[in-house]
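K.L.:
Just passing along the structure, written as structure tokens.
The values are calculated or read from the model by the stated rules, or taken from the named source; none is laboratory data. Everything numeric in this text was worked out from a predicted model, so none of it was measured. Virtual Cβ from ideal backbone geometry, glycine too; neighbours counted across all protein chains shown. Just the protein is used for accessible areas: all its heavy atoms, side chains included, with ligands, DNA and RNA removed. Shrake-Rupley method; radii C 1.70, N 1.55, O 1.52, S 1.80 Å.
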Protein chains: 2
Amino acid sequence: MSASKRDELVQKALDSFYRGGFHAIGMDRLAKETGVSKTAIYKHFRSKEDLILATLRLRDEQFRNWLYRRTEAATPDPRGRLLAIFDALADWFEEPGFKSCMFIKASSEYQNRDHPIHAMSAEHKKLLTRYFSGLAEAAGAPDPQGFARRLLLVKEGAIVMAHLAGPQLVVGDMKDAARALIDEALPQ
Amino acid sequence: MSASKRDELVQKALDSFYRGGFHAIGMDRLAKETGVSKTAIYKHFRSKEDLILATLRLRDEQFRNWLYRRTEAATPDPRGRLLAIFDALADWFEEPGFKSCMFIKASSEYQNRDHPIHAMSAEHKKLLTRYFSGLAEAAGAPDPQGFARRLLLVKEGAIVMAHLAGPQLVVGDMKDAARALIDEALPQ
DNA sequence: TTACACAATTACCGATCAGTCAACCATCTT
DNA sequence: AAGATGGTTGACTGATCGGTAATTGTGTAA
């Protein structure tokens with residue numbers, strides 16, 4: 001299997017797991033949906049867990065790249081970029097295929113904190129927090145780390161609620177809450 | 001099976017699902033862990049889904065009763081009660097068995113919004129929002145509903161992050177964020 | 001003691017789970 | 001053209017999935 005074929009497999013597996021859930025999607029079904037036979041899959045991944053970890057790595061990369069691009073395209077101003085994060089999230093919530101966050105769902109199904117899948121999910125959030133705190137620092141926040149963690153709470157809560165109740169009522173509240181935290185933490 | 005026996009079964013099933021996940025815990029294992037044979041379980045619940053719904057009903061009742069009691073015991077002041085919500089949550093996060101929110105996990109495994117399990121999870125959050133907005137209204141908030149939804153974002157985000165990263169770094173940030181939203185929305 | 005009703009258990013159903021294996025087939029080398 | 005190689009496949013493993021049916025107690029009334 002070529003490298004591009006492998007990437008394609010991981011991408012398709014990512015879509016399947018995202019739509020269907022990790023336990024609910026079996027390897028047989030995955031083989032059918034990806035068009036790659038089970039044996040061929042196991043040639044490149046020792047176990048289902050390995051494949052899941054690969055999909056999470058890809059998701060982490062794709063999501064953060066997407067978010068970084070969106071915010072950096074919006075404005076050079078770090079404070080504006082912090083606000084732009086939530087415009088990007090709002091667009092995401094309104095995409096037809098939106099079904100919460102891959103990593104929240106992963107940690108829901110693999111609950112033990114020392115499980116590799118759980119640990120990777122935590123790592124994803126850590127990387128996002130770091131991005132937030134970098135922007136906050138550039139914007140002159142006195143406590144960029146704490147602020148970043150607070151802002152992340154709003155982001156994660158909004159994802160959960162957009163999935164549960166739909167994006168309509170969440171998007172506005174999320175932006176309001178984020179703005180309140182930003183106004184409180186950043187010098188005007 | 002007596003009514004109390006049935007309640008006991010639902011409580012034990014609740015614990016199993018909470019600890020292990022819905023798809024991951026099979027009916028055979030559940031029978032073993034509850035001490036009730038599979039046939040006896042199916043005497044009272046048509047399907048696994050029915051049993052899950054019963055556990056969620058119980059969880060909703062227990063969680064909201066617990067939260068209401070905690071906040072009402074803290075202070076008669078509605079604004080103080082809003083703050084007390086997050087003291088209660090902090091204690092919850094630090095319990096040894098804490099593993100996120102049953103309903104967030106349920107909606108992670110049953111993702112379709114019209115699935116009964118997903119719908120019941122959404123209902124739980126709706127009831128909590130209603131409680132928040134009632135307190136906010138009593139505290140004289142100009143937009144109690146919007147405020148309640150914003151506050152819920154912090155709560156849900158904190159649950160997710162306490163599960164992913166541990167309670168240590170989350171508890172303080174959660175209280176800070178909640179206080180910021182409360183200060184912004186409520187007349188001093 | 002016998003007959004009946006009911007509750008719970010064991011054993012089983014087809015389907016699917018994660019994972020493996022022997023056979024196969026296309027391509028490249030000699 | 002023969003053989004080797006690497007990738008792919010369908011068929012298969014034992015275990016477990018959600019759910020059911022036949023059977024075995026167990027308690028009560030006559």
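K.L.:
In the range B:32-47, is there at least one residue being under 17 Å from B:E109 (Cβ atoms) and under 22 Å from the mean Cα position of the chain (by Cα)? Working first, answer last.
P.N.:
Here is the first cut: in the range B:32-47, the residues under 17 Å from B:E109 (Cβ atoms) are B:47.
Retained after the next criterion (residues that are under 22 Å from the mean Cα position of the chain (by Cα)): none.
Checked against the condition, which is being under 17 Å from B:E109 (Cβ atoms) and under 22 Å from the mean Cα position of the chain (by Cα), the range B:32-47 yields no hits at all.
K.L.:
Please count how many residues of the range A:106-115 are among the aliphatic types (A, V, I, L, M) and open to solvent by 10 Å² or more (accessible area, probe 1.4 Å).
P.N.:
Here the count works out to 0.
K.L.:
With the condition kept exactly as written, say whether any residue in the range A:27-48 is away from DNA strand D (no atom under 14 Å from the Cβ) and open to solvent by less than 60 Å² (accessible area, probe 1.4 Å). Give the steps one after another, and end with the answer.
P.N.:
Let us first name the residues in the range A:27-48 that are away from DNA strand D (no atom under 14 Å from the Cβ), namely A:46.
In the following step, the residues that additionally are open to solvent by less than 60 Å² (accessible area, probe 1.4 Å) were identified as none.
Within the range A:27-48 (the criterion being away from DNA strand D (no atom under 14 Å from the Cβ) and open to solvent by less than 60 Å² (accessible area, probe 1.4 Å)), the answer is no, since none of the residues qualifies.
K.L.:
Right, next: Quick one: B:S16 ticks every box in (1) closer than 23 Å to B:P116 by Cα; (2) of a type in the set (S, T, N, Q); (3) away from DNA strand D (no atom under 14 Å from the Cβ) bar one, so which box is it?
P.N.:
Of (1) closer than 23 Å to B:P116 by Cα; (2) of a type in the set (S, T, N, Q); (3) away from DNA strand D (no atom under 14 Å from the Cβ), only one is false for B:S16: (3).
K.L.:
Do the conditions hold for A:T39, that is, is it among the polar types (S, T, N, Q), within 13 Å of DNA strand C (Cβ to nearest atom) and either part of a helix (DSSP H, G or I) or at pLDDT 95 or above (or both)? Show your work before the answer.
P.N.:
Details: among the polar types (S, T, N, Q): yes; within 13 Å of DNA strand C (Cβ to nearest atom): yes; either part of a helix (DSSP H, G or I) or at pLDDT 95 or above (or both): yes.
Here the answer is yes, as A:T39 does meet what is asked.
K.L.:
Those residues that are in a helix (DSSP H, G or I) and polar (S, T, N, Q), I need them from the range A:1-36; list them, please.
P.N.:
Taking the range A:1-36 as the starting set, the residues that turn out to be in a helix (DSSP H, G or I) are A:3-20, A:27-34.
Once the filter is applied, which keeps residues that are in a helix (DSSP H, G or I) and polar (S, T, N, Q), the range A:1-36 yields A:S4, A:Q11, A:S16, A:T34.
K.L.:
Report, by residue number, each residue of the range B:69-80 that is part of a helix (DSSP H, G or I), open to solvent by 40 Å² or more (accessible area, probe 1.4 Å) and not basic (K, R). Let's see the steps before the verdict.
P.N.:
Restricting attention to the range B:69-80, the residues satisfying the condition of being part of a helix (DSSP H, G or I) are B:69-74, B:78-80.
Imposing the further condition that a residue be open to solvent by 40 Å² or more (accessible area, probe 1.4 Å) reduces the set to B:69-70, B:72-74, B:79.
Correct list: B:E72, B:A73, B:A74.
K.L.:
Right, something else. Identify the residue in the range B:81-105 that is surrounded by 15 or more Cβ atoms within 10 Å (Cβ to Cβ) and without any contact (Cβ under 8 Å) to a residue 40 or more places away in the chain and, among all such residues, is farthest from A:H163 (Cα to Cα).
P.N.:
Result: B:A84.
K.L.:
Return the residues of the range A:69-115 that are polar (S, T, N, Q) and either closer than 14 Å to B:K105 by Cβ or modelled with pLDDT under 95 (or both); say none if nothing qualifies. Full working, then the answer.
P.N.:
Filtering the range A:69-115 for residues polar (S, T, N, Q) gives A:71, A:75, A:100, A:107-108, A:111-112.
Those that are polar (S, T, N, Q) and either closer than 14 Å to B:K105 by Cβ or modelled with pLDDT under 95 (or both): A:S100, A:S107, A:S108, A:Q111, A:N112.
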